[in-house]
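Take a look at the structure below.
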Amino acid sequence: MATPYFESSSVCIGCGSCAYVCPVDAIKFEDVGDTRHIHWPNNDMEFKLKKCQKCGRYWAPQAQLDYIIKKAGLAPDAFDNCPDCRD
């Protein structure tokens, strides 16, 4: 599974699903500080991670959360806290 010419996708939201499903581990990702790095065979991408307002942990790519908020019609603050800190 790969995008054409092994290039990163222009609609990538940094979720990491591609790395999980890649049968040959050609796509890797790692979270370092406030940034998710996705390593493709011919390209690398970076995504800023959302910081939990309660515990301060960086937990998900902001682009991914923005996509979910838009698609689901959620309030902009729907993901201010990580799953562990939600009420």
- Calculate, in nm to one decimal, what ILE13 and ASP77 gain on full extension: separation in residues at 0.36 nm each, minus their alpha carbon distance. 21.2 nm
- Unit charges on C-beta of K, R, D, E only; dipole of segment 4-85, Debye: 240 debye
- Message: 7 Å from Cα along Cα→Cβ at both MET45 and ASP25: what's the point-to-point distance in nm?
- Response: 2.2 nm
- Treating the angle as unsigned and between 0 and 90°, give the value, to the nearest 10°, between the Cα long axis of helix 62-72 and the longest Cα principal axis of the chain. 70 degrees
- Query: By what distance, in whole Å, do the Cα atoms of the chain stretch along each of the three principal axes, largest value first?
  - Reply: 42, 27, 19
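Any read-out appearing in this document is the output of simple, stated calculations on the displayed coordinates, not a laboratory observation. Only a predicted model underlies this, so the values are computations on that prediction, with no experimental measurement involved. Glycine also receives a Cβ, built like all others from the backbone with ideal geometry; neighbour counts cover every protein chain displayed.
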